[in-house]
Each structure stands twice: as structure tokens, then as C-alpha cells.
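These notes are about the structure you will find just below.
The values are calculated or read from the model by the stated rules, or taken from the named source; none is laboratory data. Note that the coordinates shown come from a computational prediction; the quantities given were computed from them, not determined experimentally. We place every Cβ from the backbone using ideal geometry, glycine too, and count neighbours over all the protein chains shown. The accessibility values were calculated without ligands, DNA or RNA, using every heavy atom of the protein model including side chains. Shrake-Rupley method; radii C 1.70, N 1.55, O 1.52, S 1.80 Å.
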Amino acid sequence: MQLPKSNATEKKPLADLRDVIEKARVRCGIPGMSVAVLYKGELIFAEGFGKRNEQESFTAETLSLIGSVSKAFTATSIGELVTEGKVDWDKTP
């Protein structure tokens, strides 16, 4: 999904997002990544930045290995459920 290019006379939300992401990617030494932004359940931005490898660009559809980060995602998700009162740290099996 591509956002329209920003127009100098009209400031749109996320108009500078591509530049901010690309500068941060380069500054942090990240070879490639994809970014998605959801707003109220709707995908409003999805784009790849940098390279996947020597030949291929990173796209919004490029799959990445996330290693052990999935444990943090799971713990965060459960924490959100606890905050919403849907589960309890001590009582929910």
C-alpha cells in the first residue's frame, strides 16, 4: 500500500513518515524492515525499507525471522488482557 506523496501546500497526517522511518533505519544500522500502521482497525500504511539481502528490497510483504521476540509479544498481549479484565494473572489457567 502506498501513501500519496505529500503536497507542500497541504500537510497530511503521516506525510513525513517515510523520511522519519528511513532516517531512523539508516542511523540504527538496520539493513531492512517493514512497517505497518493500523488506525481503528484499518491498515493505513504498509511499506518496506532497505534491503532484505544483497539483491532484494524489503517490501511490506517480506517475512522476517523474529527469534525470541515472540515471547515478549505474548507476554504483552496477556498483560493487555489482564488490563481489560478478561484474564487474571493468578486465577486464569
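As an exercise, take the mean of 1/r over every pair of distinct alpha carbons in the chain, invert it, and state the Kirkwood radius in angstroms.
On the way: mean 1/r = 0.0618 Å⁻¹.
Result for the chain stands at 16.2 Å.
Please give the helix 69-83 orientation as an angle from the longest Cα principal axis of the chain, in degrees from 0 to 90, rounded to the nearest 10. For 69-83 against the chain, the angle is about 60 degrees.
Once the 1.4 Å probe is applied to the protein heavy atoms, segment 24-70 comes out at 74 Å² accessible per residue.
Between residue 60 and 48, the built amide H atoms are under 5 Å apart, and every one of these is 5 or more places off in sequence or on another chain.
Once the chain from residue 26 to residue 86 is taken as fully extended at 0.36 nm per residue, the excess over their C-alpha distance is 17.6 nm. The trypsin sites (Lys or Arg not before Pro) of segment 34-68 that DSSP puts in a loop, and whose beta carbon has at most 10 other beta carbons within 10 Å, are 40.
Roughly how tilted is helix 17-28, in degrees to the nearest 10 and between 0 and 90, from the longest Cα axis of the chain? Tilt relative to the chain: about 80 degrees. Return, ordered by residue number, the residues of segment 19-43 whose backbone nitrogen is under 20 Å from a label point located 7 Å along Cα→Cβ of residue 53. From segment 19-43, the list is 30-34. Annotation for segment 28-93: chymotrypsin sites (Phe, Trp or Tyr not before Pro) lying in DSSP loop with at most 12 further Cβ atoms inside 10 Å of their Cβ are 89.
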